[in-house]
Structures are given as structure tokens and as C-alpha cells.
Amino acid sequence: GIQVEQSPPDLILQEGANSTLRCNFSDSVNNLQWFHQNPWGQLINLFYIPSGTKQNGRLSATTVATERYSLLYISSSQTTDSGVYFCAVTTSGTYKYIFGTGTRLKVLA
Amino acid sequence: NAGVTQTPKFQVLKTGQSMTLQCAQDMNHEYMSWYRQDPGMGLRLIHYSVGAGITDQGEVPNGYNVSRSTTEDFPLRLLSAAPSQTSVYFCASSSDLGRGLANNEQFFGPGTRLTVL
């Protein structure tokens, strides 16, 4: 089955810093989402982005489907950005979402 | 819209007991799914459904049953709880599958934290 790897596994930033999170996948995908899991365990949709680039405030994402990766950019990080960031994908012909291992982000005040 | 709702929020079971985790959505989504998340891990798919009366297995289906009698509800049944099923369970639903396999953006419920002693 498809493998979904995220890097880095852990990231510590000072408030105000920028960061890039990466999601690599081993097969063609037809759906890709980025989620933020906050410290209370809630999963928050960030982007639905099977291809192309999207921006929402301080966050933006780019998926290059032909090269099998997606990037999540966080600019001017805030303490409320802390938590775990997951990407999840489905492959062609299936409805099954496969989650990556996540990037644990901690933003220090 | 309430979105995706799950009950209960917390549950403690003894080994061998059975129970049903409830999931409902009011967005008229055809696709619903159940995941489990173990400590420090990502989410793993247990079962999913592409419409009323249609269910299929995910990555980790053993020990769980599902049924889909209505579009709105997708309960998850633990047949005989085991300590290995201690986890947080998330239900999700997805956009109208009338557009095909694409545009399958998922929305998650708040989760049920289950402990099996």
C-alpha cells in the first residue's frame, strides 16, 4: 500500500519564526488533506489540496502531485500553532484515507 | 449544522464487555468512516461506508463491526473489548460522492476516548 512520510517528526520554534512541513507519498493520489490536531485532540481541517497551491492567512500549502509531495508553510508562527500536523491521502480507485506519521510542532513564547 | 457528532466523549470498559460508539452527521454526506488513534500515533482506518447499506474494511477492522442503515448514522460496535482497543476513536464524513472519488474532503468529529481495563 501507499506510504506517507512526514518530516521533520518534531519541530520547536520561537514565536514569529517561519517553518516548512513536508509530506512525501509513494504513489499517485487523488485526495490530499492537511490537518492540525490541537493539544486538546481536536482535528482541524487546514487544506484540501490534491494539487496546486492554496493560502489561508499565515498558512499556505503546495502539492506537486507529479513529484509526490506536499508542503505546508507556516509564517509568523504563534503559540496557538502548537500541536501535531498530519497529511492524509487517498490513492486512485479507493476511498481509504491513509494518514502520515505527523509533525509535532511546539512554538515557544 | 452540527457537523459530525460523536457520543460518548469518554468511556471505560472492562475486558470482554461490548459497546457501541455513536456517530452522526447532518451534512448529507455519503461517505463516513471510523479511525482509531493510539498515543503518539497517526490515525488508522477501521471501517468505512460509501452510502446506506454499504460498508467495507479499512486497515485495522478486527474486533469491530459497523452498519449503515441511514445516511446520517454510522455506529461502531466493539464486540468483546480488549485492552489493545484502548484508543481515541474518530468518526469522519466526506463530501458528496456524486462527484466521484475526487473532492473527498473529510470532516472529523470530536472523538471518543475509550479505556479498556
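Please list A:R104, A:R68 from largest to smallest accessible area, probe radius 1.4 Å, with all protein chains kept in place. Numbers along the way, then the final one.
On the way: A:R104 125, A:R68 95 Å².
Reading off the accessible areas and sorting them downward yields A:R104, A:R68.
Pull up the DSSP beta bridges for the protein assembly as shown and report the antiparallel fraction as a percent, rounded to 5. Don't jump to the answer; show the numbers that get you there.
Values: 73 of 82 bridges.
Given both bridge residues lie in the protein assembly as shown, the antiparallel proportion sits at roughly 90 percent.
Positive end of the dipole of chain B, charges at C-beta (+1 Lys, Arg; -1 Asp, Glu), about the Cα centre: which of B:V66, B:T5, B:V116 has its Cα farthest in that direction? Toward the positive end, the furthest listed residue is B:V116. For the stretch B:49-65, the Karplus equation 6.51 cos²θ - 1.76 cosθ + 1.60, evaluated at θ = phi - 60°, returns couplings of 9, 9, x, 4, x, 10, 9, 8, 8, x, 6, 10, x, 5, x, 10, 10 Hz by residue, with Gly and Pro reported as x. Summary of the geometry: the stretch B:1-25 and the stretch A:59-109, compared by the centres of their Cα atoms, lie 27 Å apart. Histogrammed with a bin width of 10 Å, the alpha carbon distances of chain B distribute as 15, 49, 29, 6, 0 percent, first bin at zero. Report the one residue of A:F47, A:L11, A:T79 whose Cα lies farthest in the direction of the positive end of the charge dipole of chain A (charges on C-beta: Lys and Arg +1, Asp and Glu -1; origin at the Cα centre). The residue sitting farthest along the positive end of the dipole is A:F47. For the stretch B:1-41, list residues with backbone N below 17 Å from a point placed 7 Å from the Cα of B:S67 toward its Cβ? Counting backbone N atoms under 17 Å from the label point, the list is B:18-24.
Looking at the square roots a ≥ b ≥ c of the eigenvalues of the Cα gyration tensor of the stretch A:7-69, which shape do they give, rounded for a/c under 1.5, prolate if a/b is larger than b/c, or oblate? Prolate, because a/c is 1.5 or more and a/b exceeds b/c. Computed extension length for A:Y48-A:S76: 7.9 nm, one decimal, from 0.36 nm per residue of separation with the Cα-Cα distance subtracted.
How large is the charge dipole for the protein assembly as shown, taken about the Cα centre, if only the Cβ atoms of Lys, Arg (+1) and Asp, Glu (-1) carry charge, to the nearest 20 debye? Write out the running numbers ahead of the final one.
On the way: 15 positive and 15 negative charges, 75 e Å.
With Lys and Arg at +1 and Asp and Glu at -1, about 360 debye.
Over 21 Å, how big is the tail of the calculated P(r) for chain A, in percent of all Cα pairs? Within chain A, distances greater than 21 Å cover 30 percent of Cα pairs.
FRET efficiency for the pair A:Y69 and B:V12, taken as 1/(1 + (r/R0)^6) with r the Cβ-Cβ distance and R0 = 35 Å, rounds to 0.25.
Remark: accessible area buried at the A-B interface is about 1800 Å², both chains counted, probe radius 1.4 Å.
Compute the signed sum of charges (Lys and Arg +1, Asp and Glu -1) over the other residues within less than 11 Å, Cβ to Cβ, of A:D10. Kindly include the intermediate steps, with their values, before the conclusion.
On the way: positive: A:R104, A:K106; negative: none.
With Lys, Arg at +1 and Asp, Glu at -1, the neighbours total +2.
The loop-placed trypsin sites (Lys or Arg not before Pro) in the stretch B:1-83, going by DSSP, that have at most 13 neighbouring Cβ atoms within 10 Å of their Cβ come out as B:K9, B:K14. Of the chymotrypsin sites (Phe, Trp or Tyr not before Pro) found in the stretch A:1-80, the ones in coil according to DSSP and having at most 14 other Cβ atoms within 10 Å of their Cβ are A:W40.
The values are calculated or read from the model by the stated rules, or taken from the named source; none is laboratory data. Just so it is clear, the structure is predicted and the values come from calculations on it, not from any experiment. Note: ideal-geometry Cβ built from the backbone for every residue, glycine included; neighbour counts use all protein chains shown. The protein model used for the area step is the full one, side chains on, heavy atoms only, and it has no ligands, DNA or RNA in it. Shrake-Rupley method; radii C 1.70, N 1.55, O 1.52, S 1.80 Å.
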